[in-house]
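Student: Next up is a structure, given as structure tokens.
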Amino acid sequence: MHWPESILQQTPVVSLEVKKQFEYYCDSMQLPSSVISNLQNIYLPLATWIATKHQQQSIIIGINGPQGSGKSSLCLLLKCLLELAFHKKVVNLSIDDFYLSRQARFKLSQTIHPLLKTRGVPGTHDTQLLQQCLSQLCSPQAQNIRLPRFDKSLDDVAAQSLWPEVKTPLDIILFEGWCVGAQAQPEDLLTNPINDLEQTEDADAQWRHYVNTQLKSHYQNLFEQLDYLLMLKIPDFSFVKQWRVLQEQQLASTSVQTSKPHKIMDDAAIEKFIKYFERLTRWSQQTMPDYADLILALNEQHQIAQVEIDN
């Protein structure tokens with residue numbers, strides 16, 4: 001692991017308080033012991049890199065990574081370190097919490113394309129609400145802000161009574177999502193399907209053209225607000241299914257108990273689900289290293305193996 005000397009010089013020696021809290025978060029998320037052992041040489045320098053980017057105004061750190069790559073866990077660990085070791089006011093924000101409701105996606109499926117009924121791709125998020133939240137979170141004025149929550153086990157927007165409240169002003173917004181910072185594809189690359197979902201259910205490429213257009217317009221307007229972009233790079237796309245299965249198992253064990261039936265996916269459903277994301281995931285993994293500010297390369301054991309910084 002090779003961090004710039006300037007970062008290492010500013011990285012504090014981990015205190016007992018920080019170590020205990022970090023271990024607590026790791027245990028609560030059932031992370032491997034290797035994460036704890038890499039606190040001083042990976043996670044604390046990473047938090048240092050982020051902390052040094054903040055001067056006076058709020059900054060937004062975009063965190064991109066495929067399904068199951070560990071974005072949410074990483075954000076929780078970074079929030080812990082940034083708050084305890086650097087005394088920053090931090091909030092975590094996920095693009096997944098801005099999915100359109102089931103009813104809204106059903107309407108899209110009826111008026112534009114049937115595949116838009118399934119959450120995930122650009123065009124299935126409430127970009128207007130997301131834009132509003134980002135603007136409010138970056139405001140220097142003191143205010144209380146309700147952040148949306150999406151219940152994946154129900155595949156619908158959570159009741160507003162469950163939306164957490166945060167107070168501004170903030171120092172750092174950690175904004176994570178599988179398509180955060182992604183760029184649209186050239187139109188000529190949309191012609192040929194890349195999997196059987198596109199082949200059979202989007203034969204005329206209408207769905208992928210719509211998704212690409214959304215990414216090129218509304219989403220790029222959002223991503224222009226990012227001050228820095230951090231990327232989780234996976235060894236191969238085949239690991240998406242393996243890690244996504246583990247993620248679904250965790251969702252099943254921790255989902256909120258309600259009277260409504262939970263929408264937990266089995267392996268077959270997951271295999272189909274990730275095909276919705278495959279095109280843009282492959283594209284981002286291929287192109288994002290050219291413009292991301294920091295790359296965390298994961299190995300086959302789902303651990304950070306290398307750090308690359310665009311100086």
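Coordinate-derived values only; no laboratory data. Not measured: the values here are computed from a predicted model. Here Cβ is always computed from backbone atoms with ideal geometry, including for glycine, and neighbour counts include all displayed protein chains.
Student: Antiparallel versus total DSSP beta bridges in the chain: what percent is that, nearest 5?
Tutor: Counting DSSP beta bridges with both partners in the chain, the antiparallel share is about 40 percent.
Student: Taking θ = phi - 60°, what integer Hz values does the Karplus form 6.51 cos²θ - 1.76 cosθ + 1.60 yield along the stretch 281-288, in sequence order, with x for Gly and Pro?
Tutor: Each residue's phi maps through the Karplus curve to give 5, 4, 5, 5, 4, 7, 9, 4 Hz.
Student: Once the principal axes of the Cα atoms of the stretch 147-235 are found, what is the range along each, listed largest first in whole angstroms?
Tutor: If we take the Cα atoms of the stretch 147-235, the spans are 47, 33, 30 Å.
Student: On to the next question. Going by how many other beta carbons lie within 10 Å of each one, how would you line up 17, 201, 83, fewest first?
Tutor: 17, 201, 83
Student: Shifting gears a bit: Just want to confirm a number: the relative contact order over the chain, from Cα pairs under 8 angstrom separated by 6+ residues, in percent.
Tutor: Relative contact order here is 22 percent.
Student: Related question: Find how many whole Å separate the alpha carbon centroid of the stretch 16-56 from the alpha carbon centroid of the stretch 171-237.
Tutor: Answer, in whole Å: 29.
Student: Continuing with the same structure: Taking neighbour Cβ counts within 10 Å as the exposure measure, how do 77, 108, 298, 8 sort from fewest upward?
Tutor: Going from sparsest to densest Cβ surroundings: 8, 108, 298, 77.
Student: Amide H of residue 305 versus every other amide H placed in the peptide plane: which residues, excluding those fewer than 5 positions away on the same chain, fall under 5 Å?
Tutor: Residues meeting the amide H criterion: 297, 298, 299.
Student: Could you please state, rounded to a whole Å, how far the C-alpha centre of the stretch 64-100 is from the C-alpha centre of the stretch 102-132?
Tutor: 24 Å
Student: Just to check I understand the Karplus step: with θ = phi - 60° and J = 6.51 cos²θ - 1.76 cosθ + 1.60, what whole-Hz values come out for the stretch 150-159, glycine and proline as x?
Tutor: 10, 8, 5, 5, 9, 6, 7, 5, 6, 4
Student: Using amide H atoms built 1.01 Å from N in the peptide plane, name the residues 5+ places from residue 125, or on other chains, whose amide H lies under 5 Å from its own.
Tutor: Long-range HN contacts for residue 125: 100.
Student: Going by how many other Cβ atoms sit within 10 Å of their own, how do 210, 24, 219 line up, fewest first?
Tutor: Taking fewest neighbouring Cβ atoms as first place, the list is 24, 210, 219.
Student: Further question: List the residues, sorted by chain then number, that are 5 or more residues from residue 63 or on another chain and whose placed amide H is less than 5 Å from its amide H.
Tutor: Amide H neighbours of residue 63: 175, 176, 177, 230.
Student: Cα convex hull of the chain: how many Å³ per residue?
Tutor: 136 Å³
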